[in-house]
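Undergrad: Provided herewith is a single structure, encoded as structure tokens, for subsequent inquiry.
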Amino acid sequence: MSLAVLCVAAGLLASPMLLACLHQLDPDRDPRSVHRLSVWAGVAAVSALVVRGARFPGSPDLLAWCWLVVFGVVLAVIDWLYRRLPHPLTAALGLGGLVLLTVASAQVGRFDGLWRGVVAAAVVGLVTVGLHLLRPAGFGGGDAVLLPVLALFLGYLGWEHLLRGLLLSFLLTGVVAAALLATGRARWGQGAGFPAGPPLIAGALFVVIFH
């Protein structure tokens with residue numbers, strides 16, 4: 001019962017967090033739309049965490065996954081609406097995740113997953129930052145920072161999880177890009193032509209929840 005309460009309470013934090021972010025990013029946005037989006041964000045986060053908690057009860061790293069889901073949902077909604085991934089939110093996701101994964105590793109007395117996650121984040125970060133510097137219009141800075149953070153969580157679970165998460169994230173990104181291009185909502189060669197954050201986050205969360 002306490003596990004379910006924790007998952008629900010953590011997931012519900014996505015609503016006020018998104019509400020605060022939307023008010024700051026777009027204070028003139030329709031309040032009804034903002035509240036509706038915030039409610040759905042909370043529902044999505046609670047659903048994901050309840051499933052994760054039910055599949056892996058008693059997991060010492062549950063707080064880290066709560067952190068990932070809440071920030072991931074908020075970042076995904078913001079990127080979908082405004083084609084941007086605020087660096088402070090991404091940094092908070094990464095730093096908070098690092099702290100919580102460190103605490104979880106200390107509780108079980110094993111740090112191999114933590115070091116694997118850190119190495120994964122460093123390697124992915126070098127690649128994504130390099131791609132952004134080489135072609136900033138085609139690979140945004142927000143995506144370049146987000147992917148290493150997601151790699152931290154995926155790498156913590158294992159190298160296979162990292163590979164599956166990245167492959168699924170890129171596959172979903174391709175599907176979203178193709179759909180938006182086909183409907184005329186995005187065009188080739190335009191910076192921030194489509195939001196890559198939501199599919200990248202969705203792919204990582206799917207592997208975290210259902211691995």
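Undergrad: Please determine, by comparing only the residues of the stretch 88-117 that are of a type in the set (A, V, I, L, M) and touching a Pro at 6+ places or on another chain (Cβ under 8 Å), which one is surrounded by the most Cβ atoms within 10 Å (Cβ to Cβ).
TA: In this case the residue turns out to be Ala104.
Undergrad: A follow-up question, please. Could you check, for the stretch 58-65, whether at least one of its residues is in contact (Cβ under 8 Å) with a residue 60 or more places away in the chain, open to solvent by less than 10 Å² (accessible area, probe 1.4 Å) and touching a helix residue (DSSP H, G or I) at 6+ places or on another chain (Cβ under 8 Å)?
TA: Yes, that holds for at least one residue.
Undergrad: Also, quick follow-up: Can you name the residue in the stretch 134-186 that is among the aromatic types (Phe, Trp, Tyr) and open to solvent by less than 80 Å² (accessible area, probe 1.4 Å) and is also modelled with the lowest pLDDT among such residues?
TA: Taking the stretch 134-186 and keeping what is among the aromatic types (Phe, Trp, Tyr), we get 139, 153, 156, 159, 170.
Adding the requirement that they be open to solvent by less than 80 Å² (accessible area, probe 1.4 Å) leaves 139, 153, 156.
Values: Phe139: 76, Phe153: 97, Tyr156: 96.
Residue satisfying both the conditions and the ranking: Phe139.
Undergrad: Just give me the residues in the stretch 52-64 being small (Gly, Ala, Ser) and either in a helix (DSSP H, G or I) or within 18 Å of the chain's Cα centre (by Cα) (or both), in sequence order.
TA: Once the filter is applied, which keeps residues that are small (Gly, Ala, Ser) and either in a helix (DSSP H, G or I) or within 18 Å of the chain's Cα centre (by Cα) (or both), the stretch 52-64 yields Gly53, Ala54, Ala64.
Undergrad: While we're looking at this one, here's another question. Only one of these is under 27 Å from Val176 (Cβ atoms), open to solvent by less than 20 Å² (accessible area, probe 1.4 Å) and in contact with a helix residue (DSSP H, G or I) (Cβ under 8 Å, 6 or more places away or on another chain): Asp79, Asp26. Name it.
TA: Asp79
Undergrad: Going through Leu49, Leu85 one at a time, which residue ends up being assigned to a loop (DSSP other than H, G, I, E, B), touching a residue at least 24 places away in the same chain (Cβ under 8 Å) and buried (at least 20 other Cβ atoms within 10 Å of the Cβ)?
TA: Matching residue, one of Leu49, Leu85: Leu85.
The values are calculated or read from the model by the stated rules, or taken from the named source; none is laboratory data. Not measured: the values here are computed from a predicted model. As a convention, Cβ positions derive from the backbone with ideal geometry for all residues, glycine included, and neighbour counts pool all protein chains shown. Side chains are part of the model used for accessible areas, which takes the heavy atoms of the whole protein and leaves out ligands, DNA and RNA. Shrake-Rupley method; radii C 1.70, N 1.55, O 1.52, S 1.80 Å.
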